[in-house]
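See below for the structure under consideration.
The values are calculated or read from the model by the stated rules, or taken from the named source; none is laboratory data. Since the model is a prediction, treat every value here as computed from it, not as a measurement. Neighbour counts run over all protein chains shown; Cβ positions are idealised from the backbone, glycine included. The accessibility values were calculated without ligands, DNA or RNA, using every heavy atom of the protein model including side chains. Shrake-Rupley method; radii C 1.70, N 1.55, O 1.52, S 1.80 Å.
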Amino acid sequence: MKLGSLKSGRDGRLVVVSHDLAWCADATHIAPTLQAALDDWDHVAPLLELLATDLAHEAIPMMRFHERSAAAPLPRAFQWADGSAYVNHVALVRQARGAEMPESFWTDPLMYQGASDEMLGPRDPIPLADESWGCDLEAEVVVVTGDVPRGVSAKEALGHIRLIGLVNDVSLRNLLPAELGKGFGFLQSKPASALSPVFVTPDELGERWKDGKLNGTLKVDLNGEPFGRADAGEDMTFDFGTLVAHLAKTRNLGAGTIVGSGTVSNRDTDGGPGKPIARGGRGYSCLAEVRTVETILDGRAATPFLKAGDTVRIWMEDEHGHPIFGTIEQEVVNA
């Protein structure tokens, strides 16, 4: 089952979306918003599944699903926590600045809590007030949970994952050092993130969703050119069960909590830093990583951060070459 939100008010209008993302059906008679559906998932989900079946058989009124008219599936989320499941990415960044990586990073996930009062839609622009802030894209996988009890195990946590999707977790890299230097975490350096047009239930993904990991190539284009083709299922040190359990160690999680994987990152086949696509590699899911590799190999970063007019495209295809979650496609604009 695929669920989305059309732009309407602050929290959108819930729709069930066809498998090929071409059509949708209004679901507000079942739940007005996706958050309302998540709040009462055990009762609402079977009704939404029936609606999805009727949509597939064209047995109900339906309308074209236009991704440009879609809001983020959760335009406001009660919680947005982003992990760093691809430790290869962390290791490269620390290597570039000559810092050793603690061994605990391989056993204890990094995670920060971001702002979730505004989640951008898949076609909403990236507003940038100052290009010197170092605007970066970050292509990631996200999951959405139901209610999760405090102290849940990683295995139990997988049973609380309701939906899977993608995110462009925008970062302002040049604001990060000063904030981290205060020893109190991110704030101004993490503006609003953009979510994929639809979120998808685990059963819809089949073998792509296995052991708490989404398997498949996460595609990223920058200004119309291939930039990243990393496999989201490879080199993922911490699966989503582990990430959700980490977040729930000392507190309950409310339905509608979004948990991110962190930047998807693959090592090269020889175990070294990933290579650009033009050189036969899988490329990168953020600019910071290619800049890091350039620093390691050449002593300095050459790839610039995003500027006004740049475009970012993020998606994942099924076996037929069709986007599974729709496409995040954004332009950087002067704010």
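Couple of notes before you dig in:
- Of all residues making up region 1-30, the number that are hydrophobic (A, V, I, L, M, F, W, C) and over 17 Å from residue 61 (Cα atoms): 1
- A single entry from 222, 176 fulfils the requirement of being over 15 Å from residue 318 (Cβ atoms) and free of Cβ contacts under 8 Å to residues at least 60 places away in the same chain: 176.
- Scanning region 17-55 for residues that are more than 23 Å from residue 116 (Cα to Cα), surrounded by 23 or more Cβ atoms within 10 Å (Cβ to Cβ) and without any contact (Cβ under 8 Å) to a residue 40 or more places away in the chain gives 27, 55.
- Lone qualifier among 91, 71 - being touching a residue at least 60 places away in the same chain (Cβ under 8 Å) and either out of contact with any helix residue (DSSP H, G or I) (no Cβ under 6 Å at 6 or more places or on another chain) or not acidic (Asp, Glu) (or both): 71
- Every condition in (1) part of a loop (DSSP other than H, G, I, E, B); (2) more than 18 Å from residue 215 (Cβ to Cβ); (3) out of contact with any Pro (no Cβ under 7 Å at 6 or more places or on another chain); (4) modelled with pLDDT of 95 or more holds for residue 321 except the one numbered (2).
- Once region 78-90 is narrowed to residues that are in a loop (DSSP other than H, G, I, E, B) and open to solvent by 10 Å² or more (accessible area, probe 1.4 Å), the residue that is nearest to residue 195 (Cα to Cα) is 78.
- Residues that are assigned to a strand (DSSP E or B) and open to solvent by less than 40 Å² (accessible area, probe 1.4 Å), drawn from region 113-123: 114, 120
- 3 or more residues out of contact with any Leu (no Cβ under 9 Å at 6 or more places or on another chain), open to solvent by 40 Å² or more (accessible area, probe 1.4 Å) and over 26 Å from residue 71 (Cα atoms): qualifying helices (runs of 4 or more DSSP H) within region 150-223: 154-158, 176-181
- Residue count for region 124-149, restricted to those that are of a type outside the set (Gly, Ala, Ser), assigned to a loop (DSSP other than H, G, I, E, B), within 23 Å of residue 288 (Cα to Cα) and open to solvent by 40 Å² or more (accessible area, probe 1.4 Å): 2
- Screening residue 237 against (1) over 19 Å from the mean Cα position of the chain (by Cα); (2) more than 16 Å from residue 137 (Cα to Cα) leaves a single unmet condition, (1).
- Selection status of residue 269, of a type in the set (S, T, N, Q) and part of a helix (DSSP H, G or I): no
Matching residues to (1) more than 22 Å from residue 185 (Cβ to Cβ); (2) modelled with pLDDT of 95 or more; (3) touching a Pro at 6+ places or on another chain (Cβ under 9 Å):
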site: 97; (1), (2), (3): no, no, no
site: 118; (1), (2), (3): no, yes, yes
site: 124; (1), (2), (3): yes, yes, no
site: 140; (1), (2), (3): no, yes, no
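- Residue within region 76-84 that is under 20 Å from residue 285 (Cβ atoms), modelled with pLDDT under 95 and over 16 Å from the mean Cα position of the chain (by Cα) present: no
- Against the conditions (1) of a type outside the set (Asp, Glu); (2) in a loop (DSSP other than H, G, I, E, B); (3) surrounded by fewer than 17 Cβ atoms within 10 Å (Cβ to Cβ), residue 104 satisfies every one except (2).
- Looking across region 277-318, just one residue is open to solvent by 60 Å² or more (accessible area, probe 1.4 Å) and part of a strand (DSSP E or B), and that is 313.
- Some residue of region 187-195 being at pLDDT 95 or above, among the aliphatic types (A, V, I, L, M) and touching an Asp or Glu at 6+ places or on another chain (Cβ under 8 Å): yes
- Test: residue in region 2-9 that is among the polar types (S, T, N, Q), under 20 Å from residue 243 (Cβ atoms) and either in contact with a Ser or Thr (Cβ under 6 Å, 6 or more places away or on another chain) or crowded, with 20+ Cβ neighbours inside 10 Å (or both): no
- Residue satisfying condition, being of a type in the set (Val, Ile, Thr), farther than 24 Å from residue 125 by Cβ, at pLDDT 95 or above and touching a Phe, Trp or Tyr at 6+ places or on another chain (Cβ under 8 Å), within set 264, 259: 259
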